[in-house]
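Q: This structure is in structure tokens; I'll ask about it shortly.
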Amino acid sequence: MIIPWQALKTETLDNIVESFILREGTDYGSEELSLAQKKQTLLAKIRGGSVVIVWSELHESIDLKDKTNFFGED
């Protein structure tokens, strides 16, 4: 199930993003970014609609997915 980011409290969204970054060890290229920079980049993608928040009822977990990979190409 897709969870609209607008439906989440700011603190909740922030915690989801931070948890994802720490869990995934996301690669941001050759230049190392701070946690705050990574969070800002990911939040911008969520707010811009290129990344969606997904709740898995089966696994009772939340994840962030690239919208194109999640829905397929238009």
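The values are calculated or read from the model by the stated rules, or taken from the named source; none is laboratory data. Only a predicted model underlies this, so the values are computations on that prediction, with no experimental measurement involved. Cβ: placed from backbone, ideal geometry, glycine included. Neighbour counts: every protein chain shown.
Q: Which of the residues belonging to the stretch 1-38 are of a type in the set (A, V, I, L, M), at pLDDT below 90 and surrounded by 12 or more Cβ atoms within 10 Å (Cβ to Cβ)?
A: L33
Q: Within the stretch 33-65, track down each residue that is more than 20 Å from A7 (Cβ to Cβ) and assigned to a helix (DSSP H, G or I).
A: Correct list: L35, A36, Q37, K38, Q40, T41.
Q: Please count how many residues of the stretch 39-74 are modelled with pLDDT under 85 and within 14 Å of the chain's Cα centre (by Cα).
A: Total satisfying the criteria: 2.
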